[in-house]
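All remarks here apply to the structure that follows.
The values are calculated or read from the model by the stated rules, or taken from the named source; none is laboratory data. Bear in mind that the values here come from a model prediction, so they are computed numbers and not experimental data. Here the Cβ positions follow ideal geometry from the backbone for every residue, glycine too, while neighbour counts run over all protein chains shown.
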Amino acid sequence: MKISCAGNTDVGVVRSGNEDSFLLNCAGGLFIVADGMGGHAAGEVASEMAVQIVAKELGSLRGLSDAESASRMRSAIRKANAAIFERTLAEHDKRGMGTTTTVMVLFSRRYLIGQVGDSRAYLLREGDLLQLTKDHSYVQEQVDAGLLTPEQARTHPYSNVITRCVGANEDVAPDIYFGNLERGDVVLLASDGLTGMLEDQQLATIMGAEENPETCVNKMIADANRRGGLDNITAIVVRVDDVEAQNTGEMPTAKSA
Amino acid sequence: MELDYGGRRYPVAVGELVIGSGPDATLVLEAAGIRARHAIVRLLAPGMAVVVPGEPGAEILVNGARLGPDPTPLMHGDKLGIGGLEVVVSDPGRAGATRVQGGPAPVPPSPAVPKARLVSLTDGREYVVDAVPFVIGRDATANLVVESDLVSRRHAEIVAAPGGYSVVDLSSNGVLVNGRRISAPVMLQQGDVIRVGDADFRYHRAEIEAPPPGADYRLGNTVVGLKAVRRPPPMPDVPAPAVAEPLAMLLVKRGQRKGERIPVRTPVTNIGRGEYNDIALPDASISANHAKLQLKEGIWVLTDLGSTNGSRVDGEAVNGEMTLSPGAEIALGQVTLFFEPRDRGVTRVPGTETGRQAVRPAPGRQAVSVRTALLVLGVAVLLLAGYLLLR
């Protein structure tokens, strides 16, 4: 698969610190967005730990079956969870820290996504924007159960409650998604500082209009800030230039962004 | 420009104002380590002043940051730290709601047109774009001084443009907007980042576009899980989640929170020293994860979670699970709790708060005794009727 990609993070307009972390490894086809939480600088510790540990634990997925890759993804995220949870017990000022984690691995025309929390992955294909992941949030569960409409969910008093989080409990159950990619597909991984500030339609417009992933990322971040930048904003954009030619191997050693 | 110290105001006129302990100091500060001419504040133009150390080695802090030997621009609201004393810079022209304490009564701010601002991404300082052109550069007369060898004396200008402001590059090293070097004046958009040398400034338009509904709350403070037991979602117009009626109470009889009645709101409640517990008890004798209180099929049980100092119910050590009766005394380490379940109508006798005798029988049991009385009465009536018939 031949891809081009870019990623960036921005503190936003309101917050004083950036608790998001991300990893962009274009050559390795590995992308991670983590949105940390927990005061006193603990949030960025949690998100950074998640990114580092998941990247290290994933290792190479070369030659693994879907089931084996999924199991590796689960165990990588659970290891990050255990390490962060351990620190919340051991260090007084790290209590209550945790992070969302959305991990995408690309290999031979396919994507594998591991998901905990409310950071999201989207796929733009032929002008249609598809949300690949499902938020682990109270309102999402209520929407799924038919108790809330998506519109009510946006303004619901519990709209800030996530139901799964890396590092908040002894163990965590990541969701796993697989799918095929086609030429011209654009994938977005983003923290809620972006997806909460821009409607899906606005994301689709920018992803469709901006050919260059870097311009696309910067435009989305600038637009989120223009609307108030209420939270830290992180975006990774991956464009599939060709599925036959190759510039993406499978998981060389990851380096942090 | 004015300096405020100890409730007095010292206007900074054109020329210079000396702060120090010596005879030519206008603002006299006396404390250990303060030099005769410690700091000099120079007014360069109305509303624009710089501070410079008066003697080599004189330590001056501006908003907590130590100054070098070069002149440093002062902004409205800056705090100068000299020998442990604090002098506040104020500019009556800019003072809005943030008025220095002890100064004269604030003049109500005129309904001024909101101005665009530049916010430093390094130290968070705000610079109001209050003049056009607004010069950014190394020169001390610039509206925004950036001290760096990479910065030209007049590096960039912010100029008025239809509907806002544009940034113009005057430098030799270039101006970047959102990471891209500009070759022509660029219309600034809300949130754009302007890079001058190695300093980044975010441009804030006077007004911003409205964020999506609810975004403020949703993005304000992400939390994991719900604190209270889940209930049907409140109506959308309810501003905050309602708090569920507690299932039980724990009255602290001994320990740091003595006298406090702690509500138990969930059917599974973790107790321990760790703050992440449902009930956190800050006591050294309590383990981080000490015990779990559970309502199982209508019965409350306590489980010790392998705590160091153990758990006891009515003096008996808890191994595995132990059921709790109303009024049970739970000892966790050195902390003693009095258990008051609410879920089965157990009530407290007013005025008495301790001891088992304080717990009155449940209404259910009262009903039973009434039924017993009726039964006894019924039997008595039957016996009487039988006796009358047989007679």
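Go through the range A:192-203 and report how many residues are over 16 Å from the mean Cα position of the chain (by Cα) and either more than 11 Å from chain B (Cβ to nearest Cβ) or part of a helix (DSSP H, G or I) (or both).
So the count comes out to 2.
Taking the stated definitions as given, is residue A:229 touching a Gly at 6+ places or on another chain (Cβ under 8 Å) and either part of a helix (DSSP H, G or I) or of a type outside the set (Ser, Thr, Tyr) (or both)?
Yes, satisfied.
When you scan the range B:191-209, how many residues do you find that are facing chain A (nearest Cβ under 7 Å) and at pLDDT below 80?
Total satisfying the criteria: 2.
Tell me yes or no: at least one residue of the range A:35-56 is farther than 17 Å from residue A:100 by Cβ, polar (S, T, N, Q) and more than 13 Å from chain B (Cβ to nearest Cβ).
No: zero hits.
Is it the case that the range A:170-177 has a residue that's surrounded by fewer than 21 Cβ atoms within 10 Å (Cβ to Cβ) and part of a helix (DSSP H, G or I)?
For the range A:170-177, residues surrounded by fewer than 21 Cβ atoms within 10 Å (Cβ to Cβ) and part of a helix (DSSP H, G or I): absent.
Taking residue A:105, is it in contact with a helix residue (DSSP H, G or I) (Cβ under 6 Å, 6 or more places away or on another chain) and in contact (Cβ under 8 Å) with a residue 24 or more places away in the chain? So that I can check it myself, show each step before the final result.
Working: in contact with a helix residue (DSSP H, G or I) (Cβ under 6 Å, 6 or more places away or on another chain): no; in contact (Cβ under 8 Å) with a residue 24 or more places away in the chain: yes.
Taking the combined requirement at face value, the residue does not satisfy it.
Just one of A:206, A:236 is crowded, with 16+ Cβ neighbours inside 10 Å, more than 10 Å from chain B (Cβ to nearest Cβ) and without any contact (Cβ under 8 Å) to a residue 24 or more places away in the chain; which is it?
Step by step, each of A:206, A:236 is checked, and only A:206 is crowded, with 16+ Cβ neighbours inside 10 Å, more than 10 Å from chain B (Cβ to nearest Cβ) and without any contact (Cβ under 8 Å) to a residue 24 or more places away in the chain.
So, in the range A:69-100, exactly how many residues are assigned to a loop (DSSP other than H, G, I, E, B) and within 15 Å of residue A:113 (Cα to Cα)?
So the count comes out to 1.
Working only within the range A:153-169, note down all residues that are at the interface with another protein chain (Cβ under 7 Å from one of its Cβ atoms) and either closer than 30 Å to residue A:83 by Cα or not in a helix (DSSP H, G or I) (or both).
The answer is A:155, A:156, A:157, A:158, A:159, A:160, A:161, A:162, A:163, A:165, A:168.
In the range A:5-32, what count of residues is obtained for those that are outside any loop (DSSP other than H, G, I, E, B) and within 14 Å of chain B (Cβ to nearest Cβ)? So that I can check it myself, show each step before the final result.
In the first step, residues of the range A:5-32 are kept if they are outside any loop (DSSP other than H, G, I, E, B); the result is A:5-10, A:20-25, A:30-32.
Then keep just the ones that are within 14 Å of chain B (Cβ to nearest Cβ); that gives A:6-10, A:20.
Number of matching residues: 6.
Provide a single number: the residues in the range B:329-343 that are crowded, with 21+ Cβ neighbours inside 10 Å and either of a type in the set (Gly, Ala, Ser) or farther than 27 Å from residue B:245 by Cβ (or both).
Here the count works out to 2.
Got a sec? Which strands (runs of 3 or more DSSP E) wholly within the range B:1-68 have at least 1 residues that are crowded, with 16+ Cβ neighbours inside 10 Å and in contact with a His (Cβ under 9 Å, 6 or more places away or on another chain)?
Hits in the range B:1-68: B:15-20, B:48-53.
Checking residue A:93 against (1) at pLDDT 95 or above; (2) within 14 Å of chain B (Cβ to nearest Cβ), only one condition comes out false. Which one?
(1)
Could you count how many residues in the range A:44-68 are in a helix (DSSP H, G or I) and either of a type in the set (Phe, Trp, Tyr) or surrounded by fewer than 22 Cβ atoms within 10 Å (Cβ to Cβ) (or both)?
Selection size over the range A:44-68: 9.
With the condition being more than 31 Å from the chain's Cα centre (by Cα) and touching a residue at least 60 places away in the same chain (Cβ under 8 Å), I'd like the strands (runs of 3 or more DSSP E) fully within the range B:250-341 carrying at least 2 qualifying residues.
B:329-332, B:335-341
Can you name the residue in the range A:112-152 that is assigned to a helix (DSSP H, G or I) and within 11 Å of chain B (Cβ to nearest Cβ) and is also surrounded by the fewest Cβ atoms within 10 Å (Cβ to Cβ) among such residues?
Out of the qualifying residues, it is A:151.
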